[in-house]
Amino acid sequence: MQFEDLTIAHIKDRTEEVGDCWIWQQGSTNGYPQMKVQGRCCKLVRRMVVELDGRPAQPRQPVVVTCGEARCVNPAHLKATSISDAGKRAAERGAWKGKARAAKIARTRRANVNKKLDMDKAREIRMSTILGMDPGANTGVATFIGGKLATLATIAPNEIERVLREVMPARVVFEDSRLQSHTWTRGKSGAASAKMARNVGQVDAWCFLITAVCGELGIAAHGVSPAGKGAKVNAERFAALTGWTGASNEHTRDAAMVAWPYRGAK
């Protein structure tokens, strides 16, 4: 059928009257009544009805129902309106709720996937992080990630707990003065011996702090005897061993070397 031959009566024949509504009984797309014209071209029935009724809608101008029945094509229930008005009507009847909810769910799922990836990556980094520590008035800290030396730092003893809680490494390897059963004081004066004893006592206390905090946080802590950690290395030798190209001092080098054999531990 040609559009020129189409009448409102032809359209009404394809509906079911329910009250004063004409409910479209043929094809529709997304709830919008459609029909083929000339056997091939699908057209929106509402737009054709208002045009046949002498009230043609402008291009891209929505035609809405005033009765609330989406498939009604009664000319008396159809109105050409603005896009904003059509949107308001759709919102009032909840047309967007399902779409909005689906979009929100999709966004949340994407965010959760990214969040999971971030959390998995953080967990992977944490499980490959080994912290070396050389407790003292100037405490050396060395961080190994994935077996590679990543950072060196010197901190005050009162910062030890903060660093452990912030880094949350998989393992801490530290020089443990408590594992050395004697202190060499031969040939020292009484005052010098007493001072050395006080210093050792302080370092022992910091070693105890490391062990206690790691125990609370569930971090594996491994103390190494000062005698068992090996000889000190200078900056040149340290760079050759570790590949470190930045600055270092005796405290940070000691921290790195005490953890060096365990840098790949899990």
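None of the figures in this text is laboratory data; all of them are computed from the coordinates on show. Here the structure is a predicted model, which is why all the values come from computation and not from measurement. Here the Cβ is made from the backbone with ideal geometry for all residues, glycine too, and neighbour counts use every protein chain on show.
How many residues does the range 117-159 hold that are of a type in the set (K, R) and over 20 Å from the mean Cα position of the chain (by Cα)?
Selection size over the range 117-159: 1.
Given the structure, is R71 in contact (Cβ under 8 Å) with a residue 12 or more places away in the chain, under 24 Å from T81 (Cβ atoms) and surrounded by 17 or more Cβ atoms within 10 Å (Cβ to Cβ)?
yes
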